[in-house]
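For reference, the structure discussed in these notes is given below.
The values are calculated or read from the model by the stated rules, or taken from the named source; none is laboratory data. As the structure is a computational prediction, the values presented were derived from the model and not from experiment. Every residue, glycine among them, receives a Cβ derived from its backbone with ideal geometry; neighbour counts consider all protein chains shown. Side chains are part of the model used for accessible areas, which takes the heavy atoms of the whole protein and leaves out ligands, DNA and RNA. Shrake-Rupley method; radii C 1.70, N 1.55, O 1.52, S 1.80 Å.
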Amino acid sequence: MKYIFVTGGVISSLGKGLTAAALGTLLELRGLKVIIQKFDPYLNLDPGTMSPYQHGEVYVLDDGAETDLDLGHYERFTNSVLSKLNNLTSGQVYANVLKKERRGDYLGKTVQVIPHVTDEIKARINEVAEKMGGDIIITEIGGTTGDIEGLPFLEALRQFVYDVGQENVLFIHVTLVPFIKAAGELKTKPTQQSVAKLREIGIQPKVVVCRTEYPLEDEVRDKIAMFCNVAKKAVIEELDADNTIYELPLMLNREKVDELVCNILGLETPEPDLSEWEAFVHSVVEPKHQVTIAVVGKYIELQDAYKSIYEALTHAGAANDCRVEVSRVDAEDIERDGAYAHLSEAHAVLIPGGFGDRGTEGKILAAQFARENKVPYLGLCLGMHIATIEFARYVCGLEGANSTELDSATPHPVICLLDQQKEVQEKGGTMRLGAYPCVLAPGSKIREVYGVDEVRERHRHRFEFNNHYRQQLEAAGFLVSGTSPDGNLAEIIEIPDHPFYVACQFHPEFLSKPTKPHPMFSGVIAAALAHKQEGE
Ligand code: GLN
C-alpha cells in the first residue's frame, strides 16, 4: 500500500479536495485502485450539525455518514467507494481516546496528544488500509498548514512515514502563488514559508502544487524548487480551470503529475487513457443546446451549499448535449416579488433540500408556478415536502396544509415527523440517513425515467409524507410513484398530468457522476429542453 497526504498552505479554499480527487482520477486511469479520504481538524464529530454558512453542503454516504463536501468530489472523480471511515475529524479522534480512557485501556498512564491522539490517527489510516484494500490511499488534510488544530494530524503523519517507510509515502503540498498587481509578478514567498512550516514539523513535501492565476514562468518554478527543496519538475502549475472543474485531471496530466507521483512511489503503471474524460469535458464546454434551471433555495448566495446539485446538473447537461445555466433564486425574493418575476425565464424549477421555515412560502409559490404553467419541476427532500404542501393547499383545497416542521399547529399536516424520529432528542447523526431501497410504480413517469423497478438512494431527513392524506391527494391527480419496499414511506411523488413534475424524499444528487448522470437530473434537463423548444 502506498500513501499520499495532501496538505494545504497559505490560505483555505485552495481546492485541495479537487486536486486530491483529480489526482485520484489519473491514478485510477493508470490502473490503480485508489481510496480517497479526508481528515478534518475541527472538533465536531461530523459536519452534520454545521450550518451551510460555516461548511457548505453536508455530503451523505451510502452508510449514512454525514461528511465533508470534498467526499463528494472524491466520489464524482473516482470509483472509490467511501464509508464513514473516510472522514475523520479531531472530534472523532478525541471521542475515541476519551472512550478508551474511561474504559481503562491506557492502564493508568497520563493520556496525551502524543502518543495517544497521534496513535489514534495512525490507527485509523491502518484500519482504512486493512478494511478497504487497494493500491493507494490519498488523504487530504483539511485546514491550512500552521493552524494549531492541524498539528496532531501532521505529527501523526510524520510518525507514519517512520512506521511504513519513506518509499511508501508522498506528501503533496497545495499552495497559493499570488499575483501582485502593483509589482506585476507572481510571488513565491508565501509558498516558501508554508513549506518551511511543514519542514519545521519534520515533513518534506516532494511535490508542490501551485494554485495560480497566471502560468508559472521558468524563473518562478526555479525559485520554488530551490527554496522548497523539491525537484523542478515537481513544481506543478494549477491554474483556475477555464470552463469546468472537470478539466483539472487533464490539466494535471499535462503537468505530468501522475507520472511523477508514480515514479516517486515506485509504481509502474501505463499512461492513462483520458479519452472518456476528454469527451465528457468537451460535452460540458461545447454543447449544442442551452437551458436555464432556476434553483430556488435559501442559501443561494453560497457557492457550496448546493454543490452536489450543481454538479449533477452539469453531468445531466452534458448527457443532453446541453449547457445548464443555473439561475439562483432566493426563495425570500419570491415571497416579496411573486414567482413570475423570478421564474418566467426558467425552463425548469428545482427546489433543493433544506431545514427550517425561512423562505418556504416562496418555495411553495415557485412550486405552484411550475405546476400551473407546466414548467418541469424537480423537488429534492424539502422540495418534495413543498410540492406536497402546494398540491394539498391549492388543488385539494386543504387550507393551511403544511409540514409540522414548518408549522406545528397546521390543520392539515400533509408532511409529518417520521415515526422513528418521535423519540429522538439529540440533533447530531440522528436523521434517517443513508441508502434505502425504493420501489417504483409501474407506468409512472419516474419508472420510465429510471428504466428499472427498484433503486437505492441516499437520505437525510426527519419528516415524511403523511399517508393519511394519500388517497385524497391521489384522487385529485397526485401520484405516490416510489415507496419503501413495504409501501409505508412515500419516497417519490409526481403529477401524471404534467410534462415533468417529480419530487423525491432522497438526495439523488449524491449519486450522480460525470459519465453516469443521475436519471432524475437527466430527466429534468430533457424535460427543460423540450419545454424550451415548445416555447420557441
Ligand atoms: N427538513 C426536512 C426534514 O428534515 C427536509 C430535509 C432535507 O431537505 N434534507 O425532513
Quick one: if you take sqrt(5λ) for each eigenvalue of the C-alpha gyration tensor of the chain, what semi-axes come out, biggest first, whole angstrom? 43, 28, 20
Residues of the chain: accessible area per residue with a 1.4 Å probe, Å²: 42 Å²
Order 118-129, 271-282 from most to least packed using the mean count of other Cβ atoms within 10 Å. 118-129, 271-282
What do you reckon, how do VAL235, VAL439 stack up by accessible area (1.4 Å probe), largest on top? VAL439, VAL235
Taking only the C-alpha atoms, wrap a convex hull around segment 1-117 and report its volume per residue in Å³ as a whole number. 140 Å³
Cα point-scatterer Debye curve for segment 467-536, base-10 log of I(q)/I(0) at q = 0.19, 0.20 Å⁻¹: -0.88, -0.94
Please work out the Cα center distance from segment 246-318 to segment 86-111, rounded to the nearest Å. 39 Å
Which residue, chosen from GLN471, LEU529, ALA435, occupies the Cα position most advanced towards the positive end of the dipole of the chain, where the dipole is computed from +1 (Lys, Arg) and -1 (Asp, Glu) charges on Cβ about the Cα centre? ALA435
Tail beyond 26 Å, pair distance distribution of segment 93-214 (Cα, percent): 35 percent
Ordering of 449-459, 70-80, 207-217 by packing [mean C-beta count within 10 Å, highest first]: 70-80, 207-217, 449-459
Charge dipole magnitude, Cβ of K and R +1, D and E -1 - segment 323-478, Cα centre, debye nearest 20: 400 debye
Electrostatic dipole magnitude of the chain [Cβ: Lys, Arg +1; Asp, Glu -1; Cα centre; debye, to 20]: 1100 debye
Of the accessible area of segment 1-159, computed with a 1.4 Å probe and all protein chains kept, carbon and sulfur make up a percent value of 53 percent
HIS412 - accessible surface, heavy atoms, 1.4 Å probe, Å² rounded to 10: 50 Å²
Estimated 222 nm signal from helices in the chain, with DSSP H stretches of n ≥ 4 weighted -39500 (n - 2.57), rounded to 500: -11000 deg cm²/dmol
Need one word for segment 378-536: rounded, prolate or oblate. Basis is the Cα gyration tensor (sqrt eigenvalues a ≥ b ≥ c); a/c below 1.5 gives rounded, then a/b vs b/c decides. oblate
Accessible area in the full protein assembly, largest first, 1.4 Å probe, for TYR340, TYR94: TYR340, TYR94
Dividing the mean separation of Cα pairs under 8 Å (6+ apart) by the residue count of the chain yields a relative contact order in percent of 15 percent
Leaving out ligands, DNA and RNA, what percent of the accessible area of segment 398-450 is carbon and sulfur, probe 1.4 Å? 47 percent
How much of TYR377 can a 1.4 Å solvent probe reach, expressed as accessible area in Å² and rounded to 10? 0 Å²
If you take the charge dipole of the chain about its Cα centre, with +1 on Lys and Arg Cβ and -1 on Asp and Glu Cβ, which of LEU489, ALA503, LEU239 is farthest toward its positive end? LEU239
I need the peptides 17-26, 40-49 ranked by packing, meaning the mean over residues of other C-beta atoms within 10 angstrom, with the highest value on top. 17-26, 40-49
Among GLY134, TYR214, PHE171, whose Cα sits farthest toward the positive end of the charge dipole of segment 119-237 (+1 at Cβ of Lys/Arg, -1 at Cβ of Asp/Glu, about the Cα centre)? TYR214
Between their Cα atoms, which of LYS33/LYS427; LYS33/LYS513; LYS187/LYS232; LYS2/LYS256; LYS16/LYS122; LYS445/LYS513 are more than 26 Å away from each other? LYS33/LYS427
Determine the share of segment 226-309's accessible area contributed by carbon and sulfur atoms, expressed in whole percent, with a 1.4 angstrom probe. 47 percent
If I take every Cα pair under 8 Å that is 6 or more residues apart in segment 1-83, average their sequence separation and divide by the length, what percent do I get for the relative contact order? 32 percent
Estimated dipole of segment 422-489 in Debye, rounded to 20 [Cβ of Lys and Arg +1, of Asp and Glu -1, Cα centre]: 260 debye
Relative contact order of segment 364-493, please, whole-number percent, based on alpha carbon pairs below 8 angstrom and at least 6 residues apart. 21 percent
Top to bottom by accessible area (1.4 Å), largest first, where do PHE160, PHE369 land? PHE369, PHE160
